[in-house]
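Colleague: Mind looking over this structure? Questions follow.
The values are calculated or read from the model by the stated rules, or taken from the named source; none is laboratory data. All values derive from a computational prediction rather than experimental measurement. Neighbour counts run over all protein chains shown; Cβ positions are idealised from the backbone, glycine included. What goes into the accessible areas is simple: the full protein's heavy atoms, side chains included, and nothing from ligands, DNA or RNA. Shrake-Rupley method; radii C 1.70, N 1.55, O 1.52, S 1.80 Å.
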Amino acid sequence: MRIPIDAPLLKVKCFVFTNMILNASIVQDAARGWFVGLGNAVGYGPHLAPAVPAASEKVITHARIREMTGLHPFDATRLLQNLVRDGFLEPHNPGRGAVYCLPGASLPKPEEVFGGSSAQSVASSAYLTASSAHLAAPVVPVAEQRDADGCLLSEQLDAPVIDALARLTPEFRSRLDSLSTEPRAKAKLSADLMRKTILALCTGHYVALSSLAELVNRDTDALRQQHLKPLIKEGKLRLAFPTVPTHAKQAYRAVE
């Protein structure tokens, strides 16, 4: 099956796109055949034979394709449509917030990670159970596990999550505070310095939006719009839950 691409330049850019994905390590070794198939579809199958490294990113977006390849927005849209139509990509969140992943990829959901990780969630579940007799079964809180620093652990994610600063050990909290001294003390800070701070705070683990906002002393919405979204677009930050980018419990990790 060939993807009908009329413009030679677009065909070349599609090849460049696939190779840049390989170099960015966004898929697992099991996806080798997927990329070979994509290479064959655009006429460059032999170039996609090298082994695919372990996964780091799990999704691709329209903005990320444009940033990596320089494609015109129309051509990037057309490329995605072709890849979805021919079964190479699976779309989520139709519209401007769309993300694309390998077919059948298992993407984590906030409720799978935080289902029973807070007193508020447990209390709410108990209330619903008591007051809603029509429910088939009560909500069972998810067993919580934390690492030596107090970060939440989940089988759904590839790194720990800082979901509540109060749950961290004093030593680890102190390290985070030292990284965020300037933004916490200054109402006005250059975008460059703020983003460097965010990347430092998010290195090696995910940080929930609420925790990140507390560390840098910023409003969550302003922080997301002014700094987190640009960093994601540039491929410097990754989302813990890519199918729900604006979820209140979204968490962020620096791309290493």
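Colleague: Out of D192, D149, I need the residue that is of a type outside the set (A, V, I, L, M), over 30 Å from P91 (Cβ atoms), out of contact with any Ser or Thr (no Cβ under 7 Å at 6 or more places or on another chain) and not in a strand (DSSP E or B). Which one?
Modeller: Selected residue: D192, the only one of D192, D149 that is of a type outside the set (A, V, I, L, M), over 30 Å from P91 (Cβ atoms), out of contact with any Ser or Thr (no Cβ under 7 Å at 6 or more places or on another chain) and not in a strand (DSSP E or B).
Colleague: Is it the case that T243 is part of a loop (DSSP other than H, G, I, E, B), within 13 Å of the chain's Cα centre (by Cα) and within 26 Å of I60 (Cβ to Cβ)?
Modeller: Taking the combined requirement at face value, the residue satisfies it.
Colleague: In this structure, does L135 turn out to be at pLDDT 95 or above and aliphatic (A, V, I, L, M)?
Modeller: Spelling it out, it is not the case that L135 is at pLDDT 95 or above and aliphatic (A, V, I, L, M).
Colleague: Only residues that are assigned to a helix (DSSP H, G or I), open to solvent by 30 Å² or more (accessible area, probe 1.4 Å) and over 29 Å from G70 (Cβ atoms): list them for the range 201-233, please.
Modeller: S210, E214, T220, D221, A222
Colleague: Consider only pairs whose beta carbons are under 8 Å apart and that are at least six residues apart or on different chains; among these, list those whose first residue lies in the range 234-247 and is open to solvent by less than 10 Å² (accessible area, probe 1.4 Å) and whose second residue is hydroxyl-bearing (S, T, Y) and assigned to a strand (DSSP E or B).
Modeller: L237/Y252; A240/Y206; A240/Y252
Colleague: Taking only the range 157-166 into account, find how many residues are surrounded by fewer than 18 Cβ atoms within 10 Å (Cβ to Cβ) and of a type outside the set (A, V, I, L, M, F, W, C).
Modeller: Of the residues in that region, 1 qualify.
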